[in-house]
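Shown next, in structure tokens, is the structure this report addresses.
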């Protein structure tokens, strides 16, 4: 959905999830929710089902996916200073996840994988449940002329991939070998 602010640039609505490990699990969830609202996370659905974990499903308007994610990351950091980012999604996906996002069947996704073994993106993890970076599959599909991939989803997946890779690079620098 595109909107335009008062003479500002066009904004798009981006839907993504930020998952965190919380520094302190003894706090009141209501207090956490108030801190998040005060910090600007009113456009997120809050999930605290697992101990010491927080998931925020955002629906944020911005001029780019990267801007939407950066602003959400900053808002959460202000609200919960010790929270450790686990993952930004959509990024790591299985074939079923891709099929669901694109309105296809898992069987059709598997057929694409099997029909193009040399060019289909390599998984990040290969096994009984293989995992890919969504951005890799979407760009492969776009290069093949697929009309199923929206530019917003491709932009969102690319921004999530960049943030997750940067987070992992930082982790490796802090904890080498």
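Between 75, 28, 43, where does the largest GNM mean-square fluctuation fall for the chain, given springs only between Cα atoms within less than 10 Å?
The residue that fluctuates most here is 28.
Rounded if a/c is under 1.5, else prolate if a/b beats b/c, else oblate: with a ≥ b ≥ c from the C-alpha gyration tensor eigenvalues square-rooted, which is segment 92-155?
Working: a/c = 1.40, a/b = 1.33, b/c = 1.05.
The shape class here is rounded.
For every helix of n ≥ 4 consecutive DSSP H residues, a contribution of -39,500 (n - 2.57) applies; sum these over the chain, divide by its total residues, and give [θ] at 222 nm rounded to the nearest 500 deg cm²/dmol. Intermediate values should be presented prior to the final figure.
Values: 6 runs with 77 residues, N = 177.
Helices in the chain give a 222 nm mean residue ellipticity of -13500 deg cm²/dmol.
If I build a Gaussian network model for the chain, linking alpha-carbon pairs within less than 10 angstrom, which residue out of 114, 134, 156 has the largest mean-square fluctuation?
Looking only at 114, 134, 156, the biggest GNM fluctuation is shown by 114.
Against the longest alpha carbon principal axis of the chain, how many degrees, from 0 to 90 and to the nearest 10, is the axis of helix 151-174 turned?
Tilt relative to the chain: about 70 degrees.
Taking R0 as 25 Å, what FRET efficiency do you get between residue 57 and residue 106 from their Cβ-Cβ distance, rounded to the nearest 0.05?
Rounded to the nearest 0.05, the efficiency is 0.60.
Find the relative contact order for segment 1-144 and round it to a whole percent, using C-alpha pairs within less than 8 Å whose residues are 6+ positions apart. Walk me through the numbers before you get to the answer.
On the way: 195 pairs, mean separation 33.7, N = 144.
That works out to 23 percent.
Counting other C-beta atoms within 10 Å, which of 133, 175 has the fewest, and how do the rest follow?
Numbers: 133 22, 175 7.
Result, fewest neighbours first: 175, 133.
Quickly work out the residue 87-to-residue 125 label distance, labels modelled 7 Å from Cα along the C-beta direction, and quote it in nm with one decimal.
0.8
No value in this document is a laboratory result; all are computed from the given coordinates. No experiment lies behind these values; they were computed from the predicted model shown. Neighbour counts run over all protein chains shown; Cβ positions are idealised from the backbone, glycine included.
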